[in-house]
Amino acid sequence: MLRQPLLALSRSAAVRELVSTLPVSSGIVRSYVPGETTEAAVAAATGLVDEGLRVTLDFLGEDTTDHAQAEATVRAYVELLGQLSARGLARHAEVSVKLTAIGLALPTAEQGTGFQVALENARAICRAARNAGTTVTLDAEDHTTTDATLAVLRDLRKDFPETGAVLQAYLHRTEADCRELAHEGSRVRLCKGAYDEPEEVAYQSRLDVDTAYVRCLKILMAGQGYPMVATHDPRMVEIASSLANRHGREQGTYEFQMLYGIRPEEQRRLAASGETVRVYLPYGGEWYGYLVRRLAERPQNLTFFLRSLISKK
Ligand SMILES: Cc1cc2nc3c(=O)[nH]c(=O)nc-3n(C[C@H](O)[C@H](O)[C@H](O)COP(=O)(O)OP(=O)(O)OC[C@H]3O[C@@H](n4cnc5c(N)ncnc54)[C@H](O)[C@@H]3O)c2cc1C
């Protein structure tokens, strides 16, 4: 199993420096990230929407310890949301936000606690999304941020009840979180989880993670909320469809979500069968952490990656 060693290796500054010399146009980066600019993101979103898919856009970045950078991220989202509205895309495109990109990881000495900064910044993005006619979903990061993320979510939902949450099935706590969030009006994205987590908090084996995913799906599909089934796993897709059937859910009362560049034919097949399918579309220059998580999920891509690194293409 290469997943954990790869995620651990990625924390080395030397590895980061080496990998970050790749241009965003290089094959491996481009297969997961369509570009760096708002224009590139909007162009990619337009293409997907024209094919009958929906989109959630992520301005890449995480673990920001610099106040100015957190503010720049908020501005990038506000600009993006303005563009989505101007191009008539807002009905089909929303945004995904990582709280550590907008202040949650700031040193406490800087302008109040990271929590408050992240909350205010998230509020600004929610306001821009509301004005544009769309929504925000808060991404889930490593388990040390889960309580803070769900607390920000609760606060945001007082003014912006349409704000979506992400829960990671690999965390032991998640079944309880699903129960709490399976209420009417609640949008919950269920994913397996992409971080390197200790066994005290997370299931480690694929089988345990998959069975936890199914238990969580059952709770969300039986609940009153809007489940967002984020997986590329054919078995999970099939189980989600039969659970939706069992609970008398019509297509459109839940949705499937997949990452940009992963199983694109399946995304189109599901959409053609009448399902709502949303593609998670990351863009921007801070693609390192995102790319490493994708490689760790799919070590077969390592050869492709190493070839890109050697040729710098
Ligand atoms: C829309 C969306 C949003 C997400 N948001 C978050 C989040 O906020 N927080 C978080 O921790 N995680 C997030 N994830 C990632 C998620 O937690 C998993 O790490 C990831 O989706 C892989 O799990 P899987 O369910 O696809 O199943 P897996 O069992 O990992 O994969 C099933 C199949 O999918 C294909 N596949 C999976 N990964 C890749 C890849 N990288 N490249 C090529 N093919 C691949 C393969 O065919 C594989 O056999 C998100 C995933 C999606 C789809």
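Observations, loosely collected:
- Identity of the residue in the stretch 180-212, within 22 Å of ARG249 (Cα to Cα) and in contact with a helix residue (DSSP H, G or I) (Cβ under 6 Å, 6 or more places away or on another chain), that ends up farthest from the ligand (Cβ to nearest atom): ALA182
- Members of the stretch 49-63 found to be open to solvent by less than 10 Å² (accessible area, probe 1.4 Å) and more than 17 Å from LEU291 (Cα to Cα), listed by number: LEU53, VAL55, THR56
- Flag if ALA176 is part of a helix (DSSP H, G or I) and more than 13 Å from the ligand (Cβ to nearest atom): yes
- Pairs meeting the criteria (first residue in the stretch 208-221 and within 15 Å of ALA176 (Cβ to Cβ), second residue more than 12 Å from the ligand (Cβ to nearest atom) and not in a helix (DSSP H, G or I), beta carbons under 7 Å, at least 6 apart or on different chains) are ALA212/TYR203; ILE219/ALA182; LEU220/ALA182; LEU220/PRO227.
- Close pairs from the stretch 39-63: first farther than 12 Å from LEU89 by Cα, partner within 14 Å of the ligand (Cβ to nearest atom) and at pLDDT below 95, Cβ under 6 Å, at least 6 apart: LEU60/TRP287; LEU60/TYR290; GLU62/GLY289
- The set of residues in the stretch 217-240 being closer than 20 Å to GLU184 by Cβ and within 12 Å of the ligand (Cβ to nearest atom) consists of LEU217, MET228, VAL229, ALA240.
- Identity of the residue in the stretch 256-313, at pLDDT below 95 and of a type in the set (S, T, N, Q), that ends up nearest to the ligand (Cβ to nearest atom): ASN301
- When the test is whether a residue is part of a loop (DSSP other than H, G, I, E, B) and either open to solvent by 20 Å² or more (accessible area, probe 1.4 Å) or more than 23 Å from MET258 (Cβ to Cβ) (or both), THR46 does not pass it.
- Odd one out for ARG11, checked against (1) loosely packed, with under 13 Cβ neighbours inside 10 Å; (2) part of a helix (DSSP H, G or I): (2)
- Residue match in the stretch 199-206 (condition: part of a helix (DSSP H, G or I) and open to solvent by 10 Å² or more (accessible area, probe 1.4 Å)): yes
- For the stretch 20-38, the criterion of being open to solvent by 10 Å² or more (accessible area, probe 1.4 Å), at pLDDT 95 or above and either within 24 Å of LEU153 (Cβ to Cβ) or hydrophobic (A, V, I, L, M, F, W, C) (or both) is satisfied by no residue at all.
- Wholly enclosed strands (runs of 3 or more DSSP E) of the stretch 223-313 bearing at least 3 residues within 19 Å of VAL33 (Cα to Cα) and touching a residue at least 60 places away in the same chain (Cβ under 8 Å): 277-283
- Taken over the stretch 260-313, residues that are open to solvent by less than 60 Å² (accessible area, probe 1.4 Å) and of a type outside the set (S, T, N, Q) amount to 32.
- No other residue among ALA182, ALA230 is out of contact with any Gly (no Cβ under 7 Å at 6 or more places or on another chain), of a type in the set (A, V, I, L, M) and modelled with pLDDT of 95 or more apart from ALA230.
- Qualifying residue in the stretch 89-99 (condition: over 16 Å from TYR290 (Cα atoms) and open to solvent by 30 Å² or more (accessible area, probe 1.4 Å)): yes
The values are calculated or read from the model by the stated rules, or taken from the named source; none is laboratory data. These numbers were taken from a predicted model, which means no experiment stands behind them. A quick note on method: Cβ atoms are made from the backbone with ideal geometry, for glycine too, and the neighbour counts reach across all protein chains shown. Side chains included, ligands, DNA and RNA excluded: accessible areas come from the protein's heavy atoms. Shrake-Rupley method; radii C 1.70, N 1.55, O 1.52, S 1.80 Å.
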